[in-house]
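Heads up: the structure comes next, in structure tokens.
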Amino acid sequence: MKTAVVVLALFSACGSSSNNNTTDGNPNGGDGAMGSGMHDAMGSGNPHPGRSVFVIVMENESSSAIYNSAAAPYINNTIKPESAWATMFTDELPSAVPSEPHYVWMEAGTNTFSDITFLSDADSSAGNSTTSTKHLATQLTTAGLDWRSYQEGMPAACPISSNGFYAAKHDPFVFFTDVAGSPPSATNTTCAAHHKPYTSFATDLAAGTMPAYVFITPNLCNDMHGAIGCPSGSDITRGDTWLSNELPRIVTYAMAHDSIIYVIWDEGSNTQIIPFFAIGPHVKTGTTTAVYSHSALLKSVEEQLGVPVLSTVSASPDFAALFDTGYFP
């Protein structure tokens, strides 16, 4: 396992800018070091062939509970100094709305569709799914770009139902019938082709078989959510420890393959302002006070992978200001 010191060295060696205020905008365009991955030769509009965008989603903590917290030493001593991090990443949904609608929003830029408005944490089913095709996974498939959801503790090839410390509400793809089937099925082949248990991730990463888009959800004990049966102690510290064990290898890959890592929380706890970190070879290190949201995340991923921007997020800002000039998208 790489240590925190190795992660810091990787950032420095790969030319990440330091001591920058990241509120200034950058022009689009530019190129970067090309990596090798399973999506290299797929012929899409991806402006950076070989790039992977990793989204790692943690749970239920406001930025005030994470930033400068003694319960999160890895985040504050390693991730924060070597990333772009936001002080005004805002939750677009009311505080009473639970996790699932937030995850659906990360995929589609809304929780409201013509056939359903997601407002609960119910498992995927005929009555709790949408036929809408206006979401990121379908955009990527249409563009010839592969994508994959790595779910820690997933119980089935298509994990439409919660089990143990796996929560279906934290896997947005299973709520779209063009991915999970109509009705959604635990054996759906399309869904299975785009899902793997997190136990497969380290081997896939080492083999360089990363798709263009990688969505990672830790289990309920490791994502800061907490659940009955999880080890005792701080939920925040358990999540921080999980990141300290898992993130270094992803950083190594990102630096070698011109890739991007976004570490994001689904919602806050005592406030609507949530933590957010961007990590990559051309990310400006430092804080930004710009107002961002899950819509900004989705729009930026679309732009960075060269697919059309969904109308639901077209008015949102993107993350251009977080990157060195010429390296966004």
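Quick note: the coordinates plus some simple rules give every number you see, no bench work behind them. Bear in mind the structure is a predicted one, so any value in this text is a computation, not a measurement. We place every Cβ from the backbone using ideal geometry, glycine too, and count neighbours over all the protein chains shown.
Let me have the relative contact order for the chain, percent, based on Cα pairs under 8 Å that are six or more residues apart.
37
How would the range 172-324 be classified by its alpha-carbon gyration tensor: rounded, prolate or oblate, with rounded meaning a/c under 1.5 and the a/b versus b/c comparison settling the rest?
Rounded, since a/c falls under 1.5.
For each of ARG249, ARG51, count neighbouring Cβ atoms within 10 Å of the residue's Cβ, then give the residues from fewest to most.
Sorted ascending by nearby Cβ count, the order is ARG249, ARG51.
Determine one quarter of the surface area of the Cα convex hull of the chain, which equals its mean projected area, and express it in nm² to one decimal.
Over all viewing directions, the chain projects a mean Cα-hull area of 14.8 nm².
Skipping prolines and chain starts, which residues have an amide H placed within reach, meaning under 5 Å, of the one on GLU152, given they are 5 or more residues away or on another chain?
TYR198, THR217, ASN219
Can you work out ³J(HN,Hα) from phi for every residue in the range 290-305, in order, using Karplus 6.51 cos²θ - 1.76 cosθ + 1.60 and θ = phi - 60°, giving whole Hz and x for Gly and Pro?
Each residue's phi maps through the Karplus curve to give 4, 8, 10, 6, 5, 5, 5, 4, 4, 4, 5, 4, 4, 5, 6, 9 Hz.
As a footprinting exposure proxy, order GLU246, GLU267 by other Cβ within 10 Å, with the fewest listed first.
Taking fewest neighbouring Cβ atoms as first place, the list is GLU246, GLU267.
What is the order of ASP91, ASP121, fewest Cβ neighbours within 10 Å to most?
ASP121, ASP91
Can you give the charge dipole size of the range 4-322 about its Cα centre, rounded to the nearest 20 debye, using +1 on the beta carbon of Lys and Arg and -1 on the beta carbon of Asp and Glu?
400
What lysines could a cross-link reach from LYS284, if we take a straight Cα to Cα line under 17 Å and drop same-chain neighbours fewer than 8 places away?
Filter leaves LYS80.
Take every DSSP beta bridge with both residues inside the range 77-236 and express the antiparallel ones as a percent of the total, to the nearest 5.
Within the range 77-236, antiparallel bridges account for around 25 percent of the total.
List the residues, sorted by chain then number, that are 5 or more residues from ARG51 or on another chain and whose placed amide H is less than 5 Å from its amide H.
Here the answer is GLY35, since their amide H atoms fall under 5 Å of that of ARG51.
When the Cα centres of the range 298-327 and the range 236-285 are compared, how far apart do they sit, in Å?
Rounded to whole Å, the Cα centres lie 18 Å apart.
Hey, which lysines would be in cross-link range of LYS169, C-alpha to C-alpha under 23 Å, not counting anything within fewer than 8 residues on its own chain?
Hits, sequence-local ones excluded: LYS134, LYS196, LYS299.
Which whole-Hz ³J(HN,Hα) couplings does the range 55-69 yield from phi under the Karplus relation 6.51 cos²θ - 1.76 cosθ + 1.60, θ = phi - 60°, glycine and proline marked x?
10, 10, 10, 9, 10, 6, 9, 6, 4, 5, 8, 10, 5, 6, 8
Using the Karplus equation 6.51 cos²θ - 1.76 cosθ + 1.60 (θ = phi - 60°), what ³J(HN,Hα) coupling, rounded to whole Hz, does each residue of the range 267-276 give in order, writing x for Gly and Pro?
Taking θ as phi minus 60°, the curve returns 7, x, 10, 8, 9, 8, 9, 10, x, 7 Hz for the range 267-276.
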